[in-house]
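Working notes, beginning with the structure itself.
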């Protein structure tokens, strides 16, 4: 979700070095091709192939990179820690330090074959029943993630769950503020409401921080089910209900304006997908958690998204960021949805 500053791609020299690195680990045999995957607005992802074998490389965007952001080695640790869990994730195959192959660290993971669904459900998964199974598989996967014993999985140093909600809100508020410390129009009233209603943490778990349909791979066969969860760059240890609130805020609703995140999941408007209420009820049944403060978590998730898009807009305005974020209406859509959620 943090903005990439410029376009980057492999050249002949770096591609040759990558092929040597992968061949030494018996992951490819011979020269490789590199193909960008995804929208390139944050960490960069590439499909690597020697013509028969395929792997995926994840690297950070080009500098400048904010301190603590786009940490490839941290992201790889989450995947490694989840390898033996019920949560389907790609396997980490290799890790490269900065300057070992290119000037930044990266990791190599297995290629997850399947469908990535955003605006339209593929025909082979488009029955009403399969769509319903996809929706429930998504929320079941999220509940499974939150049930993982993260300490036993070696991730005890990857977050500070105590006071997560208040600290998380304070950090986003600082990021949203202008250089003089004031919040932009539309942020202040919402921030005040969120600050006045910060709930105690519902528990401590691995938090994906960008869990939505477009960040998963779905089975190629019906019924629909999640076969891999992708994009772990924002993962941490925190309150599981933030993840649920964020996920539900990404699910579009018929007849209501769409936020940019909802636009990345409009397939879920098709007949069969569970509603937000049905997804929340399913999660509660699986997790046993009290969802009385769920509205706060969804409102905060939308406030956070507004903040990150505002950060991106400022960068774009200076000519040092991604033009995708330059439209102020993107920020406004998140703020309007957050305010409506807070008022419910």
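The values are calculated or read from the model by the stated rules, or taken from the named source; none is laboratory data. Just so we're clear, the structure is a prediction, and the values are computed from it rather than from any experiment. Methodologically, a virtual Cβ is constructed for each residue, glycine included, from the backbone with ideal geometry; neighbour enumeration extends over all protein chains shown.
Just the residues that are under 23 Å from the mean Cα position of the chain (by Cα) and in a loop (DSSP other than H, G, I, E, B), please, taken from region 211-221.
Pass one, region 211-221, residues under 23 Å from the mean Cα position of the chain (by Cα): 211-220.
Matches in region 211-221: 211, 212, 219, 220.
Within region 29-53, the set of residues being modelled with pLDDT of 95 or more, under 20 Å from residue 76 (Cα atoms) and surrounded by 19 or more Cβ atoms within 10 Å (Cβ to Cβ) comprises 46, 48. Looking only at region 228-248, decide whether some residue is surrounded by fewer than 16 Cβ atoms within 10 Å (Cβ to Cβ), under 21 Å from residue 344 (Cβ atoms) and touching a residue at least 12 places away in the same chain (Cβ under 8 Å). No, there is no match, as no residue in region 228-248 is surrounded by fewer than 16 Cβ atoms within 10 Å (Cβ to Cβ), under 21 Å from residue 344 (Cβ atoms) and touching a residue at least 12 places away in the same chain (Cβ under 8 Å). Looking across region 9-47, just one residue is in a strand (DSSP E or B), more than 18 Å from residue 103 (Cα to Cα) and touching a residue at least 40 places away in the same chain (Cβ under 8 Å), and that is 47.
Within region 116-174, the set of residues being closer than 22 Å to residue 266 by Cβ, over 19 Å from the mean Cα position of the chain (by Cα) and part of a loop (DSSP other than H, G, I, E, B) comprises 120, 121, 122, 126, 127.
Restricting 117, 104 to residues that are more than 30 Å from residue 13 (Cα to Cα), in contact (Cβ under 8 Å) with a residue 40 or more places away in the chain and buried (at least 19 other Cβ atoms within 10 Å of the Cβ) narrows the list to 117.
Residue-level check: of (1) in a helix (DSSP H, G or I); (2) more than 23 Å from residue 60 (Cα to Cα), residue 227 misses just (1). Of the residues making up region 142-172, those that are within 18 Å of residue 245 (Cα to Cα) and in contact (Cβ under 8 Å) with a residue 40 or more places away in the chain are 142, 143, 144, 145, 146, 147, 161, 164, 165, 168, 169, 172. Against the list (1) closer than 23 Å to residue 141 by Cα; (2) assigned to a strand (DSSP E or B), the condition residue 57 fails is (1).
Would you check if there is a residue in region 199-210 being in contact with a strand residue (DSSP E or B) (Cβ under 8 Å, 6 or more places away or on another chain), under 30 Å from residue 127 (Cα atoms), modelled with pLDDT of 95 or more and assigned to a loop (DSSP other than H, G, I, E, B)? Please lay out each step first, then the result.
Residues of region 199-210 in contact with a strand residue (DSSP E or B) (Cβ under 8 Å, 6 or more places away or on another chain): 201, 204-209.
Okay, now just the ones that are also under 30 Å from residue 127 (Cα atoms), so 208-209.
Then drop every residue that is not modelled with pLDDT of 95 or more, which leaves 208-209.
Filter once more, so that each one left must be assigned to a loop (DSSP other than H, G, I, E, B): 208-209.
Yes.
Looking at region 103-115, which of its residues are assigned to a loop (DSSP other than H, G, I, E, B) and closer than 18 Å to residue 49 by Cβ? So that I can check it myself, show each step before the final result.
Quick first cut of region 103-115, residues assigned to a loop (DSSP other than H, G, I, E, B) only: 103-105, 111-114.
Result: 111, 112, 113, 114.
All conditions in (1) free of Cβ contacts under 8 Å to residues at least 40 places away in the same chain; (2) buried (at least 17 other Cβ atoms within 10 Å of the Cβ); (3) more than 21 Å from the chain's Cα centre (by Cα) hold for residue 92, with the sole exception of (3). For region 182-190, indicate whether the set of residues that are surrounded by fewer than 19 Cβ atoms within 10 Å (Cβ to Cβ) and part of a helix (DSSP H, G or I) is non-empty. Yes; the residues of region 182-190 include at least one that is surrounded by fewer than 19 Cβ atoms within 10 Å (Cβ to Cβ) and part of a helix (DSSP H, G or I).
For region 315-331, which positions are surrounded by fewer than 16 Cβ atoms within 10 Å (Cβ to Cβ) and in a helix (DSSP H, G or I)?
Looking only at region 315-331, we keep the residues that are surrounded by fewer than 16 Cβ atoms within 10 Å (Cβ to Cβ), and these are 317-320, 323, 326-329.
If the condition is that a residue be surrounded by fewer than 16 Cβ atoms within 10 Å (Cβ to Cβ) and in a helix (DSSP H, G or I), then 317, 323, 326, 328, 329 are the ones that fit.
In region 276-293, how many residues are free of Cβ contacts under 8 Å to residues at least 12 places away in the same chain and not in a helix (DSSP H, G or I)? Talk me through it step by step, then tell me what you get.
Residues of region 276-293 that are free of Cβ contacts under 8 Å to residues at least 12 places away in the same chain, as a first pass: 277, 281, 284-285, 288, 292.
From what is left, the residues that are not in a helix (DSSP H, G or I) are 288, 292.
Counting residues in region 276-293 that are free of Cβ contacts under 8 Å to residues at least 12 places away in the same chain and not in a helix (DSSP H, G or I) gives 2.
Scan 190, 194, 158, 169 and give me the residue that is in the same structural domain as residue 236 (by TED's automatic domain parsing), within 22 Å of residue 234 (Cβ to Cβ) and out of contact with any helix residue (DSSP H, G or I) (no Cβ under 6 Å at 6 or more places or on another chain). Working first, answer last.
Values: 190 fails: out of contact with any helix residue (DSSP H, G or I) (no Cβ under 6 Å at 6 or more places or on another chain); 194 fails: out of contact with any helix residue (DSSP H, G or I) (no Cβ under 6 Å at 6 or more places or on another chain); 169 fails: out of contact with any helix residue (DSSP H, G or I) (no Cβ under 6 Å at 6 or more places or on another chain).
Only one candidate qualifies: 158.
Any residue at all in region 294-309 that is outside any helix (DSSP H, G or I), at pLDDT 90 or above and surrounded by fewer than 20 Cβ atoms within 10 Å (Cβ to Cβ)? No, there is no match, as no residue in region 294-309 is outside any helix (DSSP H, G or I), at pLDDT 90 or above and surrounded by fewer than 20 Cβ atoms within 10 Å (Cβ to Cβ).
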